[in-house]
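Working notes, beginning with the structure itself.
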Amino acid sequence: MSVKKILLSGIQPSGRVHIGNYFGAMKQFVDLQDTYESYIIIVDLHALTSTQNPEELRQNIIDLAIDYLAVGLDPKKITLYKQSDVPQVTELAWIFECITTMPYLSRAHAFKDAQTQEKEVNVGTFNYPMLMAADILIQDTDIVPVGQDQKQHVEISRDTAEKFNRTFGETFKIPEPYILPSVQTFPGTDGQKMSKSYGNTIGLFASDKEIKEAVMKIPTDSKSVDEPKNPETDNVFALHRFFTAGPEFDELRDRYEAGGIGYQESKEILVRNINRFIAPLRESRGKLEKNMKMVLEVLREGGKQASKRAEEKMSEVRKRIGITLP
Ligand code: TYM
């Protein structure tokens, strides 16, 4: 019997992952994979709320599987799977939907954001937190490493577990969000939260050229080379915090404060350092791309394991709610 606590998290296969996904979430999955029994998901059914192109979805799923492995998740240590290979989560999501009220879910940020975009909001987007609660609770999760933007979703999972337990008896563990203060909201190239929908991302596997293009368009103020600059408010410096280390970082800060460095030079240093960080990731991704058989096998195996555990939980849930006959 494992004595390790359970870690679970997921990413939507809705386009290429960026360095915000990495620092906000993926890095923690890698750093914690020895300490926790870990379940890492490609949440393909969640992505269906926004991607309705089968070719694109299929490719995004495969890309995300490779991305997870390329950053160092070890399939011998973790269970990596595709959400749709665990159909029990959609069953559990329905059950949660029946014990949750509409006004409660209407307060979810993601739904409110979708509503303000004046698009017609699909029911999947509205129910999104219920499917996420099912992902988390079905595996008896202790901690959920995520960025700050997912905190409310984890809180909804906690509330849902408590509501179910109150209604039907102790069944679900109450999960804790795991959010590192230093990376809770990773900055985009425009200083807002890095997000695909803001067009301010740097791809986690970006090419030299893409990194350069993204960094060179970072907006700065118009201070000359000699003028002192405030590292706290500069968008370029905000990224140096993650890619420039040790004495080089201290020197950079001193030169910002004293004057004597221009934004152009600061950007060039940043491009070099991001590239130094990304180059080995690109390389390991390239190798994995040539080993698709292994990648698909990891997903299949992970799906089987996760589904087996989920089925055990569901048989308990079905009894609790009264749909299992003697
Ligand atoms: P998603 O796919 O939007 O994002 C994946 C992870 O990346 C984090 N993240 C960030 N962290 C810090 N700064 C940023 N700028 C930034 N941008 C993204 C997100 O917080 C997230 O941790 N609903 C989830 C997927 C999901 C899930 C789950 C997560 C479904 N089921 C169960 C945990 C457990 C989502 O859409 O993440």
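The values are calculated or read from the model by the stated rules, or taken from the named source; none is laboratory data. The model shown is predicted, which means the values in this text are computed figures rather than measured ones. In this analysis, Cβ positions are derived from the backbone assuming ideal geometry, glycine residues included, and neighbour counts consider all displayed protein chains.
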Any chance you could count how many residues in segment 282-326 are under 25 Å from residue 141 (Cα atoms) and not in a helix (DSSP H, G or I)? 3
Give the residues of segment 9-45 that are more than 6 Å from the ligand (Cβ to nearest atom) and either over 27 Å from residue 202 (Cβ atoms) or part of a loop (DSSP other than H, G, I, E, B) (or both), sorted by residue number. 13, 14, 15, 16, 17, 33, 34, 35, 36, 37, 39, 45
Between residues in segment 246-269 that are among the hydrophobic types (A, V, I, L, M, F, W, C) and residues that are surrounded by fewer than 14 Cβ atoms within 10 Å (Cβ to Cβ), which pairs lie under 8 Å by C-beta distance while being six or more apart or on different chains? 258/228; 261/225; 269/248
Within segment 79-103, how many residues turn out to be among the aliphatic types (A, V, I, L, M) and part of a helix (DSSP H, G or I)? 5
Residue among 196, 173, 163, 212 that is surrounded by 15 or more Cβ atoms within 10 Å (Cβ to Cβ) and modelled with pLDDT under 95: 196
Do any helices (runs of 4 or more DSSP H) lying entirely in segment 152-261 carry at least 2 residues that are within 16 Å of the ligand (Cβ to nearest atom), over 29 Å from residue 71 (Cα atoms) and of a type in the set (Val, Ile, Thr), and which ones are they? none
Qualifying positions in segment 52-78 - crowded, with 17+ Cβ neighbours inside 10 Å and part of a loop (DSSP other than H, G, I, E, B): 71, 73, 75
